[in-house]
Amino acid sequence: MKSPLLSLPGAVPAEGADEGVAAHYGDLFREQRALADGTGLVDLSHRGVLTVTGDDRLSWLHLLLTQHMTDLPAGQATEALVLSANGHIEHALYLVDDGTTVWAHVEPGTQEALIAYLESMKFFYRVEVADRTGDIAVVHLPAGSIAPVPDGVAVRETAHGRDLFLPRADLESYTAAQGPPAGILAYEALRVEGHRPRAGFETDHRTIPHELGWIGTAVHLQKGCYRGQETVARVQNLGRPPRRLVFLHLDGSEVHLPGPGTPVTLASDGTEGRKLGVVTTSARHHELGPIALAVVKRNVPVDAELLAGGTAAAQETVVEP
(Lines give C-alpha, C1' and ligand atoms only; values in the text may rest on other atoms or scores of the structure.)
Protein backbone atom coordinates (compact mmCIF):
# COMPACT_ATOMS: atom_id res chain seq x y z
CA MET A 1 0.00 0.00 0.00
CA LYS A 2 1.66 3.22 -1.18
CA SER A 3 1.69 6.10 1.29
CA PRO A 4 0.42 9.50 0.13
CA LEU A 5 3.42 11.03 1.91
CA LEU A 6 5.62 9.76 -0.92
CA SER A 7 4.32 12.77 -2.87
CA LEU A 8 6.00 15.20 -0.45
CA PRO A 9 9.04 17.15 -1.72
CA GLY A 10 12.28 15.20 -1.36
CA ALA A 11 10.63 11.86 -0.59
CA VAL A 12 12.70 8.87 -1.70
CA PRO A 13 10.82 5.55 -1.66
CA ALA A 14 12.03 2.76 0.59
CA GLU A 15 12.74 -0.66 -0.86
CA GLY A 16 12.35 -4.24 0.26
CA ALA A 17 10.19 -4.97 3.30
CA ASP A 18 9.54 -1.26 3.86
CA GLU A 19 8.37 -0.53 0.33
CA GLY A 20 5.41 1.83 0.32
CA VAL A 21 6.77 4.53 2.63
CA ALA A 22 9.67 6.96 2.35
CA ALA A 23 13.24 5.89 3.05
CA HIS A 24 14.02 9.55 3.71
CA TYR A 25 12.93 13.04 2.71
CA GLY A 26 16.30 14.34 1.57
CA ASP A 27 18.34 14.62 4.77
CA LEU A 28 18.82 11.37 6.68
CA PHE A 29 20.84 12.78 9.58
CA ARG A 30 18.59 15.80 10.09
CA GLU A 31 15.63 13.44 10.27
CA GLN A 32 17.43 11.26 12.83
CA ARG A 33 18.34 14.23 14.98
CA ALA A 34 14.75 15.44 14.90
CA LEU A 35 13.48 12.08 16.13
CA ALA A 36 16.18 11.93 18.82
CA ASP A 37 15.05 15.39 19.96
CA GLY A 38 11.42 14.29 20.13
CA THR A 39 10.09 16.16 17.12
CA GLY A 40 8.47 15.11 13.85
CA LEU A 41 6.88 11.75 13.10
CA VAL A 42 7.47 8.56 11.12
CA ASP A 43 5.06 7.21 8.53
CA LEU A 44 4.60 3.50 9.24
CA SER A 45 1.46 3.20 7.16
CA HIS A 46 2.86 0.19 5.31
CA ARG A 47 2.61 -1.96 8.44
CA GLY A 48 -0.25 -4.40 8.87
CA VAL A 49 -2.99 -3.49 11.36
CA LEU A 50 -5.50 -5.81 12.96
CA THR A 51 -8.06 -5.60 15.74
CA VAL A 52 -9.58 -8.14 18.08
CA THR A 53 -12.92 -7.37 19.69
CA GLY A 54 -15.32 -9.32 21.86
CA ASP A 55 -15.69 -10.21 25.53
CA ASP A 56 -13.11 -13.01 25.36
CA ARG A 57 -10.44 -11.11 23.43
CA LEU A 58 -7.81 -10.93 26.19
CA SER A 59 -8.29 -14.44 27.57
CA TRP A 60 -8.29 -15.84 24.02
CA LEU A 61 -5.11 -14.03 23.00
CA HIS A 62 -3.55 -15.20 26.27
CA LEU A 63 -3.87 -18.77 25.01
CA LEU A 64 -2.23 -18.06 21.66
CA LEU A 65 0.50 -15.52 22.32
CA THR A 66 3.71 -15.55 24.33
CA GLN A 67 2.59 -12.57 26.42
CA HIS A 68 0.41 -12.51 29.56
CA MET A 69 -2.78 -10.91 28.25
CA THR A 70 -5.60 -11.72 30.68
CA ASP A 71 -4.95 -8.81 33.05
CA LEU A 72 -3.62 -6.31 30.52
CA PRO A 73 -4.78 -2.85 31.67
CA ALA A 74 -6.48 -0.63 29.13
CA GLY A 75 -3.97 1.70 27.52
CA GLN A 76 -0.88 -0.29 28.49
CA ALA A 77 1.34 -1.16 25.55
CA THR A 78 2.82 -4.61 25.20
CA GLU A 79 4.35 -6.86 22.57
CA ALA A 80 3.98 -10.56 21.91
CA LEU A 81 5.05 -13.35 19.58
CA VAL A 82 3.37 -16.22 17.79
CA LEU A 83 5.64 -19.26 17.81
CA SER A 84 5.65 -22.46 15.83
CA ALA A 85 5.18 -25.79 17.58
CA ASN A 86 8.98 -26.00 17.76
CA GLY A 87 9.29 -22.59 19.37
CA HIS A 88 10.46 -20.66 16.32
CA ILE A 89 9.26 -17.09 15.85
CA GLU A 90 6.51 -16.70 13.24
CA HIS A 91 4.99 -13.29 14.06
CA ALA A 92 5.68 -10.30 16.29
CA LEU A 93 2.73 -8.18 17.42
CA TYR A 94 2.81 -4.71 18.97
CA LEU A 95 -0.39 -4.37 20.97
CA VAL A 96 -2.60 -2.18 23.11
CA ASP A 97 -6.11 -2.69 24.44
CA ASP A 98 -8.29 0.43 24.60
CA GLY A 99 -10.90 -1.15 26.88
CA THR A 100 -13.06 -2.62 24.14
CA THR A 101 -10.62 -3.48 21.33
CA VAL A 102 -7.12 -4.89 21.08
CA TRP A 103 -5.15 -3.01 18.43
CA ALA A 104 -2.00 -4.52 16.94
CA HIS A 105 0.45 -3.66 14.22
CA VAL A 106 2.69 -6.23 12.57
CA GLU A 107 5.34 -6.49 9.88
CA PRO A 108 4.24 -5.33 6.41
CA GLY A 109 2.44 -8.02 4.45
CA THR A 110 2.24 -10.52 7.32
CA GLN A 111 -1.23 -9.64 8.59
CA GLU A 112 -3.12 -11.99 6.27
CA ALA A 113 -1.21 -15.09 7.40
CA LEU A 114 -1.51 -14.04 11.04
CA ILE A 115 -5.24 -13.41 10.76
CA ALA A 116 -5.73 -16.77 9.04
CA TYR A 117 -4.02 -18.46 12.00
CA LEU A 118 -6.08 -16.53 14.53
CA GLU A 119 -9.32 -17.31 12.70
CA SER A 120 -8.45 -21.00 12.77
CA MET A 121 -8.18 -20.85 16.56
CA LYS A 122 -11.45 -19.04 17.38
CA PHE A 123 -13.51 -22.14 18.24
CA PHE A 124 -16.27 -21.11 20.68
CA TYR A 125 -14.62 -17.91 21.94
CA ARG A 126 -16.52 -14.64 21.66
CA VAL A 127 -14.01 -12.78 19.51
CA GLU A 128 -13.87 -11.08 16.14
CA VAL A 129 -10.65 -10.49 14.24
CA ALA A 130 -10.48 -7.80 11.56
CA ASP A 131 -7.84 -6.63 9.10
CA ARG A 132 -7.76 -2.84 9.45
CA THR A 133 -4.74 -2.17 7.22
CA GLY A 134 -6.91 -0.61 4.53
CA ASP A 135 -8.37 2.10 6.74
CA ILE A 136 -5.84 2.56 9.57
CA ALA A 137 -2.28 3.88 9.27
CA VAL A 138 0.38 3.52 11.96
CA VAL A 139 2.19 6.78 12.76
CA HIS A 140 5.14 6.88 15.17
CA LEU A 141 5.77 9.88 17.42
CA PRO A 142 9.25 9.79 19.00
CA ALA A 143 9.87 9.80 22.75
CA GLY A 144 9.48 13.32 24.08
CA SER A 145 7.04 14.41 21.38
CA ILE A 146 4.35 16.83 22.50
CA ALA A 147 2.25 16.29 19.37
CA PRO A 148 -1.41 15.76 20.31
CA VAL A 149 -3.23 12.48 19.84
CA PRO A 150 -6.53 13.02 18.02
CA ASP A 151 -9.69 12.08 19.88
CA GLY A 152 -10.72 8.48 19.45
CA VAL A 153 -7.32 7.31 18.17
CA ALA A 154 -5.79 4.26 19.87
CA VAL A 155 -2.19 4.79 20.97
CA ARG A 156 0.65 2.55 22.16
CA GLU A 157 2.97 4.49 24.46
CA THR A 158 6.41 3.00 25.13
CA ALA A 159 9.83 4.23 26.21
CA HIS A 160 10.69 4.68 22.52
CA GLY A 161 7.66 6.79 21.63
CA ARG A 162 4.00 6.49 20.73
CA ASP A 163 2.42 4.50 17.92
CA LEU A 164 -0.85 6.00 16.75
CA PHE A 165 -3.53 3.96 14.97
CA LEU A 166 -4.65 6.87 12.82
CA PRO A 167 -7.45 6.80 10.24
CA ARG A 168 -5.66 6.51 6.92
CA ALA A 169 -7.77 9.36 5.52
CA ASP A 170 -6.20 11.69 8.15
CA LEU A 171 -2.57 10.80 7.46
CA GLU A 172 -1.77 13.78 5.23
CA SER A 173 -3.51 16.39 7.34
CA TYR A 174 -2.00 15.09 10.58
CA THR A 175 1.47 15.10 9.04
CA ALA A 176 1.01 18.64 7.76
CA ALA A 177 0.11 19.76 11.28
CA GLN A 178 2.61 17.72 13.31
CA GLY A 179 5.49 17.01 10.93
CA PRO A 180 7.91 17.25 9.34
CA PRO A 181 8.08 13.50 8.69
CA ALA A 182 11.23 11.42 9.05
CA GLY A 183 11.86 8.43 6.82
CA ILE A 184 12.10 4.79 7.74
CA LEU A 185 15.92 4.86 7.53
CA ALA A 186 16.06 7.33 10.42
CA TYR A 187 13.59 5.22 12.40
CA GLU A 188 15.63 2.07 11.71
CA ALA A 189 18.91 3.72 12.72
CA LEU A 190 17.44 4.54 16.12
CA ARG A 191 16.05 1.00 16.39
CA VAL A 192 19.50 -0.45 15.77
CA GLU A 193 21.00 1.97 18.30
CA GLY A 194 18.41 0.75 20.82
CA HIS A 195 19.30 -2.92 20.15
CA ARG A 196 15.67 -3.67 19.32
CA PRO A 197 15.13 -6.75 17.11
CA ARG A 198 12.64 -6.81 14.26
CA ALA A 199 10.86 -9.88 12.93
CA GLY A 200 11.97 -10.72 9.41
CA PHE A 201 15.19 -8.78 9.90
CA GLU A 202 16.85 -10.31 12.96
CA THR A 203 14.84 -13.54 12.58
CA ASP A 204 14.98 -16.48 10.23
CA HIS A 205 13.05 -19.77 10.09
CA ARG A 206 14.83 -21.16 13.16
CA THR A 207 15.05 -18.15 15.48
CA ILE A 208 13.89 -18.65 19.06
CA PRO A 209 13.05 -15.71 21.37
CA HIS A 210 16.05 -16.18 23.68
CA GLU A 211 18.48 -15.40 20.85
CA LEU A 212 17.16 -11.86 20.42
CA GLY A 213 16.48 -10.80 24.00
CA TRP A 214 12.72 -11.09 23.69
CA ILE A 215 12.39 -13.03 26.94
CA GLY A 216 10.69 -10.77 29.44
CA THR A 217 9.58 -8.16 26.92
CA ALA A 218 7.59 -10.22 24.43
CA VAL A 219 7.67 -13.58 26.21
CA HIS A 220 6.17 -13.96 29.69
CA LEU A 221 7.67 -16.90 31.57
CA GLN A 222 4.94 -17.21 34.22
CA LYS A 223 1.86 -17.91 32.12
CA GLY A 224 -0.12 -20.89 30.87
CA CYS A 225 0.39 -23.02 27.80
CA TYR A 226 0.81 -21.67 24.29
CA ARG A 227 2.21 -23.12 21.13
CA GLY A 228 5.99 -23.41 21.37
CA GLN A 229 6.11 -23.02 25.15
CA GLU A 230 7.98 -26.30 25.67
CA THR A 231 10.96 -25.02 23.71
CA VAL A 232 10.91 -21.69 25.56
CA ALA A 233 10.85 -23.41 28.95
CA ARG A 234 13.48 -26.00 28.05
CA VAL A 235 15.99 -23.44 26.81
CA GLN A 236 15.27 -21.11 29.72
CA ASN A 237 15.66 -23.80 32.37
CA LEU A 238 18.11 -26.30 30.95
CA GLY A 239 20.29 -24.71 28.32
CA ARG A 240 21.39 -21.74 26.29
CA PRO A 241 20.26 -20.56 22.86
CA PRO A 242 22.60 -21.52 20.01
CA ARG A 243 22.94 -17.91 18.80
CA ARG A 244 22.86 -14.41 20.26
CA LEU A 245 22.15 -10.89 19.09
CA VAL A 246 25.07 -8.43 19.10
CA PHE A 247 25.47 -4.74 18.33
CA LEU A 248 28.33 -3.77 16.03
CA HIS A 249 30.29 -0.54 15.74
CA LEU A 250 31.52 -0.59 12.15
CA ASP A 251 34.66 0.94 10.69
CA GLY A 252 33.61 4.40 9.57
CA SER A 253 36.20 4.62 6.80
CA GLU A 254 34.31 2.12 4.65
CA VAL A 255 32.09 3.63 1.96
CA HIS A 256 29.52 0.84 1.84
CA LEU A 257 27.57 -0.66 4.72
CA PRO A 258 27.59 -4.46 5.03
CA GLY A 259 24.06 -5.47 4.09
CA PRO A 260 21.80 -8.10 5.63
CA GLY A 261 23.26 -11.57 5.25
CA THR A 262 26.87 -10.37 5.19
CA PRO A 263 29.01 -13.04 6.91
CA VAL A 264 30.58 -12.24 10.28
CA THR A 265 34.01 -13.72 10.96
CA LEU A 266 36.82 -13.25 13.47
CA ALA A 267 39.08 -10.38 12.46
CA SER A 268 42.11 -12.56 13.16
CA ASP A 269 40.89 -15.09 10.58
CA GLY A 270 40.18 -12.55 7.85
CA THR A 271 37.30 -12.61 5.41
CA GLU A 272 37.99 -16.26 4.53
CA GLY A 273 37.59 -17.34 8.14
CA ARG A 274 34.84 -19.55 9.48
CA LYS A 275 31.41 -17.92 9.32
CA LEU A 276 30.23 -17.12 12.84
CA GLY A 277 26.99 -15.36 12.00
CA VAL A 278 25.46 -12.72 9.76
CA VAL A 279 24.64 -9.03 9.75
CA THR A 280 20.87 -8.58 10.06
CA THR A 281 20.40 -4.78 9.92
CA SER A 282 22.93 -2.00 9.26
CA ALA A 283 22.49 1.76 9.42
CA ARG A 284 24.28 5.09 9.41
CA HIS A 285 23.72 6.85 12.71
CA HIS A 286 23.93 10.62 13.12
CA GLU A 287 26.25 10.30 16.17
CA LEU A 288 27.62 6.75 16.24
CA GLY A 289 28.45 6.47 12.54
CA PRO A 290 27.93 3.10 10.82
CA ILE A 291 26.35 0.53 13.12
CA ALA A 292 24.65 -2.84 12.78
CA LEU A 293 22.87 -5.67 14.50
CA ALA A 294 24.09 -9.20 13.87
CA VAL A 295 23.23 -12.69 15.05
CA VAL A 296 26.30 -14.79 15.87
CA LYS A 297 27.01 -18.15 17.42
CA ARG A 298 26.71 -18.17 21.20
CA ASN A 299 30.31 -19.20 21.79
CA VAL A 300 31.84 -16.22 19.96
CA PRO A 301 33.94 -14.46 22.65
CA VAL A 302 32.28 -11.23 23.77
CA ASP A 303 35.55 -9.31 23.41
CA ALA A 304 36.46 -10.71 19.98
CA GLU A 305 37.19 -8.26 17.18
CA LEU A 306 35.03 -9.17 14.20
CA LEU A 307 34.73 -8.57 10.49
CA ALA A 308 31.40 -7.94 8.79
CA GLY A 309 32.38 -8.85 5.26
CA GLY A 310 35.54 -6.81 4.90
CA THR A 311 34.52 -4.19 7.47
CA ALA A 312 36.08 -4.15 10.94
CA ALA A 313 33.45 -4.44 13.66
CA ALA A 314 33.66 -4.02 17.44
CA GLN A 315 30.85 -5.79 19.24
CA GLU A 316 28.65 -4.90 22.20
CA THR A 317 26.78 -7.67 23.99
CA VAL A 318 23.00 -7.56 23.65
CA VAL A 319 22.18 -11.15 24.63
CA GLU A 320 24.55 -12.76 27.11
CA PRO A 321 26.26 -15.96 25.89
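The values are calculated or read from the model by the stated rules, or taken from the named source; none is laboratory data. All figures in this text were calculated on a predicted structure; none of them were measured in a lab. Note that we place each Cβ from the backbone using ideal geometry, even for glycine, and neighbour counts take in every protein chain shown. In case anyone asks, the SASA skips ligands and DNA or RNA and just uses the protein heavy atoms, side chains included. Shrake-Rupley method; radii C 1.70, N 1.55, O 1.52, S 1.80 Å.
Within the range 240-266, track down each residue that is of a type in the set (S, T, Y) and either open to solvent by 20 Å² or more (accessible area, probe 1.4 Å) or within 30 Å of A80 (Cα to Cα) (or both). It would help to see each step written out before you state the result.
First, pick out the residues of the range 240-266 that are of a type in the set (S, T, Y): 253, 262, 265.
Residues satisfying the conditions are S253, T262.
If you go through the range 293-313 one residue at a time, how many are outside any loop (DSSP other than H, G, I, E, B) and surrounded by 15 or more Cβ atoms within 10 Å (Cβ to Cβ)?
The total comes to 10.
Residue by residue through the range 203-226, note down the ones that are of a type in the set (D, E) and open to solvent by less than 50 Å² (accessible area, probe 1.4 Å).
The initial filter retains those residues of the range 203-226 that are of a type in the set (D, E), namely 204, 211.
Matches in the range 203-226: E211 only.
Just to be sure I understand, how many residues within the range 13-35 are open to solvent by 60 Å² or more (accessible area, probe 1.4 Å) and either at pLDDT below 95 or hydrophobic (A, V, I, L, M, F, W, C) (or both)?
1
Determine which single condition N237 fails, assuming it passes every other condition in (1) at pLDDT 95 or above; (2) assigned to a helix (DSSP H, G or I); (3) open to solvent by 20 Å² or more (accessible area, probe 1.4 Å).
Exception for N237: condition (1).
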